[in-house]
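Working notes, beginning with the structure itself.
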Amino acid sequence: MFRWLIGTIALSMMATGALAADPVEIHIGYLGHAGIKATLSLVEQPADNDGVAGARLAIEDNNTTGKFLNQRFVLDEVKVKDSDDVAKMASDLASHNDYIITDLPADALLKVADALRDRGTVLLNAGAIDDRLREQDCRANIIHVAPTRSMLADALGQYLVWKQWKRWLLVVGSHDQDKLYADALRRAATRFGAKIVQERTFEDTGGARRTDSGVTLIQRQMPVFTQQAPAYDVLVAADESEVFANYLPYRTWDPRPVAGSAGLVPTSWDAAHDQWGAVQLQSRFVKLNMRHMTALDMQAWTAARMIGEATSRTNSGDPKKVIAFLKSKDFSIAAFKGTRLTLRDWNLQLRQPILLADGRMVVSVSPQEGFLHQVSELDTLGVDRPETKCKLQ
């Protein structure tokens, strides 16, 4: 009894000493591009804090757990303009951050990754969806939280095939990113047994449609553009440039559903998502930011939470231990999607379900029933291990 009492007192003193010590600070950087990309719809214009708002909420969540482990998380935010030297700004940020969440275009992200290659800094890509960043241009110091174009296209393709809408009319924008999305959609069609009955290109000729005659112009233009097509079940639009796709629903010559960049849209997150405890996260985000949570917000939230989860699981502020755990088979993260998310070890892409939303409701979640895989059904979305071109370096 006496020995037990002595041991209890000793443990109590150790705990008190630990609580009295200064908390271990874990600094996470956020490197995003300044300015916002305008959208066709006035109600969908991104907020100035799109993305970083999700990271801020995750820092609060990390600190809720961290206070019990004597850990404190801090977010350091930097915005990059087109004229800035992104590699230098990243290097400055890396001087006091071992982890940096990024929302950058593909080429800028590669510059940052190469500049920080020898510093041990890990980048968590929350914004760029380019498949090449996970394939021929993959880097060992980039963990990809954002889904790829191929993951998004496969998620949509699975649902359309499940619905037996296998004949697609593919309409592609004239910009490079539109063509990349179209490539992913073609791949999905081939992979899951759909047929593209015809392809059409919508040329961006410039000009503003938000004029007094805009509605009349669009109402005349879209039916003419989509008439005389071979028989099809669904019109699939590839318009990442936000030029035409949102004008297609209810205006096609034939009464057909629209999917892809408008209508039924594949996304990592949607403000209407309400399953698996998502309402709790959505409510906290709205209370903090007075707006709804976007896909970029959620991707940044997940990135920051991944660091928090790995830090708490290792009970260490040592970045080497944290990064090793992130890349290990033991790592997973809960993200209100009905399953725990894990990393693909061949290209450091986060496995995740993809929501299919129409702007008001979540219609479905992929992978769809019946699309099986020997390792994980989530690996039916995007580039699988046997297909990968990635050699991490």
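The values are calculated or read from the model by the stated rules, or taken from the named source; none is laboratory data. Predicted model only: the values in this text are computed from it and were never measured. Cβ coordinates were reconstructed from backbone atoms using ideal geometry, including for glycine residues, and neighbour counts include every protein chain displayed. Side chains are part of the model used for accessible areas, which takes the heavy atoms of the whole protein and leaves out ligands, DNA and RNA. Shrake-Rupley method; radii C 1.70, N 1.55, O 1.52, S 1.80 Å.
Table for the structure above
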| quantity | calculated |
| --- | --- |
| Å² of accessible area per residue within the chain, as computed with a 1.4 Å probe and no ligands counted | 48 Å² |
| Protein accessible area in the chain, 1.4 Å probe - carbon and sulfur % | 53 percent |
| Measure of compaction for the range 237-380 (Cα Rg per 2.2 N^0.38 Å) | 1.23 |
| Segments 191-200, 298-307 sorted - mean Cβ within 10 Å per residue, highest first | 298-307, 191-200 |
| Relative contact order (%) - criterion: Cα under 8 Å, at least six apart; region: the range 238-393 | 21 percent |
| Fraction of antiparallel bridges per DSSP, the chain only, in percent to nearest 5 | 20 percent |
| Probe 1.4 Å - accessible area at His27, Å² to nearest ten | 60 Å² |
| Where only C-alpha atoms are counted, convex hull volume of the chain per residue in Å³ | 162 Å³ |
| Shape category assigned to the range 283-344 from the gyration tensor of Cα positions, a/c cut at 1.5 | prolate |
| With DNA, RNA and ligands ignored, accessible area of Glu203 (1.4 Å probe; Å², nearest 10) | 110 Å² |
| Pairs beyond 19 Å (Cα-Cα), from Lys88/Lys111; Lys81/Lys111; Lys79/Lys111; Lys67/Lys329; Lys320/Lys389; Lys37/Lys79 | Lys67/Lys329; Lys320/Lys389 |
| At 0.692 mPa s and 37 °C, Stokes D of the range 137-200 from Kirkwood alpha-carbon radius, µm² per second | 258 µm²/s |
| Residue-level accessible surface for Arg72, protein heavy atoms, 1.4 Å, Å² | 110 Å² |
| For the range 103-162 and the range 229-283, distance of Cα centres in Å | 22 Å |
| Overall form of the range 316-393 per C-alpha gyration tensor (a/c, 1.5; a/b vs b/c) | oblate |
| Distance (nanometres) between label positions extended 7 Å along Cα→Cβ at Leu217 and Ala38 | 1.3 nm |
| Accessible-area ranking of Thr311, Thr252, largest first, probe 1.4 Å | Thr252, Thr311 |
| Accessible heavy-atom area order of Trp276, Trp269, highest first, probe of 1.4 Å | Trp276, Trp269 |
